[in-house]
Structures are given as C-alpha cells and as structure tokens.
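Novice: I'd like to ask you about the structure that follows.
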Amino acid sequence: MANARRLVQLLFVVSIFHVSFAGRQLTELVSDASNLLQYHNGALLTGDISVNFIWYGNFKPSQKAIVSDFITSLSSGSGVSPKSQIEPSVATWWKTTEKYQMKSKKQRSLTLRLVDGFCSSRCGTHGSSSSSSKIPNGKGKNNKFAYIWVGNSETQCAGQCAWPFHQPIYGPQAAPLVAPNNDVGLDGMVINLAGLLAATATNPFGNGYYQGDASAPLEAASACPGVYAKGAYPGYAGDLLVDSTTGASYNAHGTNGRKYLLPALYDPSSSTCSTLV
C-alpha cells in the first residue's frame with residue numbers, strides 16, 4: 001500500500017442509467033454526526049491523481065462543462081480562474097478531506113487533475129479494482145485504481161438524487177430550490193459526485209475512514225445526509241446563498257464563474273458536519 005499513491009488512477013463513469021449501489025440516500029435528510037468515523041489503517045488517496053471521465057448516454061457539451069468545471073474548481077493552484085477564489089469556494093470545501101490525510105499521518109494532500117481523451121433506488125457508488133501490467137524486466141505488476149459511478153439525477157430517482165432541486169420522494173414537501181447552473185440533472189450529479197469524491201479520497205479501497213458495516217459504510221459525506229448549510233433540518237437544506245439575479249441556491253464558487261451546491265463533509269478534527277456557509 002505504500003506505493004498506492006503512484007499506482008492509483010481515478011476513473012469516473014457518468015451514466016444516464018440506474019445503479020443498485022449507493023452513495024447518497026434520503027432515508028435521513030439530517031442525521032446526528034457525533035459518532036467519529038473510524039480509521040481502518042488502509043491507504044488514502046494522496047498526491048497528483050488524474051481524473052478520467054467516461055460518459056455513457058447523450059450529454060450536451062454544456063452539461064459536460066458543468067461537471068468538468070467542478071473538478072477543476074477543486075484545486076486552487078496555478079491555472080485556475082480568479083473567479084474560483086471567491087469564498088466560499090469549491091477548493092475550500094475540498095480542504096476538509098486534507099484533515100483526514102493529516103489525522104492518518106499521510107502528510108501529502110490530494111490534487112485531482114482532469115484528463116482529456118475519454119468521452120465515451122441509488123445515486124452513485126465508488127469502489128476500486130486492480131489490473132496487471134508487465135514491467136521491462138518481464139515481471140508482473142498489480143496496479144490499483146479507484147472509480148466512481150454517478151447517474152443522471154434528473155432521469156433516475158430525481159426525488160432522491162436531485163433533491164433539493166427536485167421535490168423529494170418522501171418527507172417534508174417544500175418547494176424545490178433553483179439549480180445554480182440551471183440544470184437539475186447535472187447540478188444534482190455534482191452533489192452526488194462531490195460526496196463520492198470525498199468518500200473516495202478518504203476511503204478509496206474500503207479500509208480507510210468509515211463507520212459501520214464495510215459493505216454499506218457511512219463515509220465523509222454520507223455521514224452528513226441532507227446538510228448543505230447551517231440551520232439544516234429534515235426537508236430543509238440549510239441557510240444557503242441565493243443568486244440575486246437567478247434566484248438559484250448555492251454554497252460554493254467554482255471556476256469560470258460557476259456556482260455549486262456541495263454537501264456537508266464530516267470534519268474529523270471537530271467531529272461535526274462541516275459546511276461552507
């Protein structure tokens with residue numbers, strides 16, 4: 001596992017189809033996050049990791065741009081538009097995952113880099129697998145990679161996977177919020193992708209940080225369901241920022257002037273659900 005950082009590639013599979021494994025559920029819109037996520041002594045993702053998208057289904061370039069801009073917004077390094085530095089930002093949200101690295105003594109942070117060239121009742125899943133390759137001396141080498149799958153949240157289980165931009169399938173029936181990129185499906189996908197990204201960074205191979213059964217764990221984001229801002233309660237996402245022009249609700253600024261709604265992350269240093277606003 002010591003070389004896991006160098007051997008890991010992160011693969012995103014974005015699809016319009018349904019999957020039976022999960023990251024985000026609405027069985028509880030808000031839950032008590034006082035139980036500390038336990039570290040199971042496995043590898044975490046660190047260093048410079050390339051991100052590959054494989055798109056299944058028909059997505060417009062404008063829809064793909066919403067997701068790719070979110071990934072580039074995670075880094076506050078060089079080449080990032082000054083707009084992304086407006087707080088609260090996507091990059092600041094992502095920094096909560098660094099606290100897991102520090103707590104586990106993995107001193108190097110994680111940077112995700114978008115790679116071009118791949119265009120091909122739950123909201124998504126993450127996992128890992130391995131592949132074998134031969135090195136010059138002829139010996140085999142086992143390479144591990146992590147992957148994430150998210151579905152189109154507007155066409156698949158919208159009441160569960162696109163909330164709060166869609167009417168929930170159960171619970172309090174408040175009016176849906178306006179999506180910040182004017183696309184309920186893609187804005188919902190970003191919420192699910194964000195939560196699974198945090199889970200992959202802190203529990204990539206199933207033996208990192210999680211609570212409960214390893215086959216259905218509570219992780220960095222799923223430990224804080226339904227929480228997006230301070231004041232959240234069942235059926236209410238919290239006291240979010242609202243765009244004065246469009247009326248859209250958001251809590252983070254990204255690249256190219258984007259606005260996003262990102263889930264709360266469990267903060268291991270304070271044992272609370274951390275929000276940007």
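Novice: For P225, state whether it is assigned to a loop (DSSP other than H, G, I, E, B), of a type outside the set (F, W, Y) and surrounded by 24 or more Cβ atoms within 10 Å (Cβ to Cβ). Write out each step before concluding.
Specialist: Working: assigned to a loop (DSSP other than H, G, I, E, B): yes; of a type outside the set (F, W, Y): yes; surrounded by 24 or more Cβ atoms within 10 Å (Cβ to Cβ): no.
No.
Novice: Which of the following residues is open to solvent by less than 30 Å² (accessible area, probe 1.4 Å) and either at pLDDT below 75 or in contact with a helix residue (DSSP H, G or I) (Cβ under 9 Å, 6 or more places away or on another chain) (or both): V30, V8, V80?
Specialist: After applying the criteria, what remains is V8.
Novice: Could you list, in sequence order, all residues of segment 43-62 that are farther than 30 Å from T155 by Cα and surrounded by fewer than 17 Cβ atoms within 10 Å (Cβ to Cβ)?
Specialist: Hits for segment 43-62 are G47, D48.
Novice: Just to be sure I understand, how many residues within segment 138-153 are open to solvent by 10 Å² or more (accessible area, probe 1.4 Å) and either modelled with pLDDT under 80 or over 24 Å from I54 (Cα atoms) (or both)?
Specialist: Total satisfying the criteria: 7.
Novice: Give me the residue from segment 158-211 that is hydrophobic (A, V, I, L, M, F, W, C), more than 22 Å from W93 (Cβ to Cβ) and out of contact with any strand residue (DSSP E or B) (no Cβ under 8 Å at 6 or more places or on another chain) and, out of that set, surrounded by the fewest Cβ atoms within 10 Å (Cβ to Cβ).
Specialist: Filtering first and then ranking leaves A175.
The values are calculated or read from the model by the stated rules, or taken from the named source; none is laboratory data. Fair warning: this is a prediction, and the values are worked out from it, not measured in the lab. Cβ sites come from the backbone with ideal geometry, for glycine too, and all protein chains shown count toward neighbours. Surface areas here come from the heavy atoms of the whole protein model, side chains and all, with no ligands, DNA or RNA. Shrake-Rupley method; radii C 1.70, N 1.55, O 1.52, S 1.80 Å.
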